[in-house]
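The values are calculated or read from the model by the stated rules, or taken from the named source; none is laboratory data. All of these numbers come straight from a predicted model, not from anything done at the bench. For the accessible areas, the whole protein counts, side chains as well, though only heavy atoms, and no ligand, DNA or RNA atoms are used. Shrake-Rupley method; radii C 1.70, N 1.55, O 1.52, S 1.80 Å.
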Amino acid sequence: MGYHTFDAERADKLEVAGRRYRFVSAEELLWALSLSPDDTVADLGSGTGFFTDDVAPHAGEVYAVDVQEEMHEYYREKGVPENVDLVTSDVSDLPFDDGGVDAAFSTMTYHEFSSDAALAEIRRVLAADGRLVVVDWAATGTGENGPPVDERYSADEAADALREVGFAIEHEAVRPETFLLIATLE
């Protein structure tokens, strides 16, 4: 089961590029997503749109999904790209058609929404050849950044949970504070 959500009153901290890119760069995220220019993409736990902005120029349509309307308000003030739609929703109840999303990604939010229902919902909305990219705080990290260690998952735990709902893991990388998984539908 997922844990707390990021405090929207601290949204400014999500816009510090040096801090955000330290744990996953735009280039690494784009490599993992392997997008085509007409792809429909969902950013799961988009927050202020920091990584949504990196993905938008490489996709046809992007859904910035966040459970907190306050995060969308922040994003609106910052400026939302034309091909980005703001979606206020829990990941376990996405308002998308079956197979309607070509790719989905989560940057530092998997621990917030992880549940059987959310993972099954992601599987439902992904197209047959779709991919899911998860970058999150690792349970093996120090806890100096991100959520407390006891609220994190290991890469193996996340990979096992994805496998249980029908994903195959194409790539797994564990770094000092984070992990990266690339998953496709089986």
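When DSSP beta bridges are restricted to pairs lying wholly in the chain, around 40% turn out antiparallel. Computed from phi, the 3J(HN,Hα) profile of segment 169-185 under the Karplus parametrisation 6.51, -1.76, 1.60 (θ = phi - 60°) reads 8, 8, 8, 9, 9, 10, 10, x, 10, 9, 10, 10, 10, 10, 10, 10, 6 Hz, with x in place of Gly and Pro. The amide H of Ala42, built 1.01 Å from its N in the peptide plane, has Tyr63, Ala103, Ala104, Phe105 as neighbours under 5 Å, considering only residues 5 or more places off or on other chains. Here the Gaussian network model covers the chain, with springs between Cα atoms less than 10 Å apart; of Ser106, Ser92, Ser46, Ser92 fluctuates the most. Taking every protein chain into account, the accessible area of segment 8-185 amounts to 43 square angstrom per residue (probe 1.4 Å). Taking amide H as placed 1.01 Å from N in the peptide plane, Leu185 has its amide H under 5 Å from the amide H of Gly130, Ala168, each at least 5 places away in sequence or on another chain. Only DSSP H runs of four or more residues enter the estimate; each adds -39500 (n - 2.57), and after division by the residues of the chain the mean residue ellipticity at 222 nm equals -8000 deg cm²/dmol. Note: relative contact order over the chain, using C-alpha pairs below 8 Å and six or more positions apart, is 19 percent.
When the solvent-accessible area of segment 8-185 is split by element, carbon and sulfur atoms take up 45 percent of it, the probe being 1.4 Å. Between Thr178 and Ala138, the built amide H atoms are under 5 Å apart, and every one of these is 5 or more places off in sequence or on another chain. Spatially, segment 122-186 and segment 53-75 are offset by 20 Å when compared through their Cα centroids.
Here the gap between Val149 and Asp116, fully extended at 0.36 nm per residue and compared with their Cα-Cα distance, gives a gain of 9.8 nm.
Between Thr88 and Arg163, the contour length at 0.36 nm per residue exceeds the alpha carbon distance by 24.3 nm.
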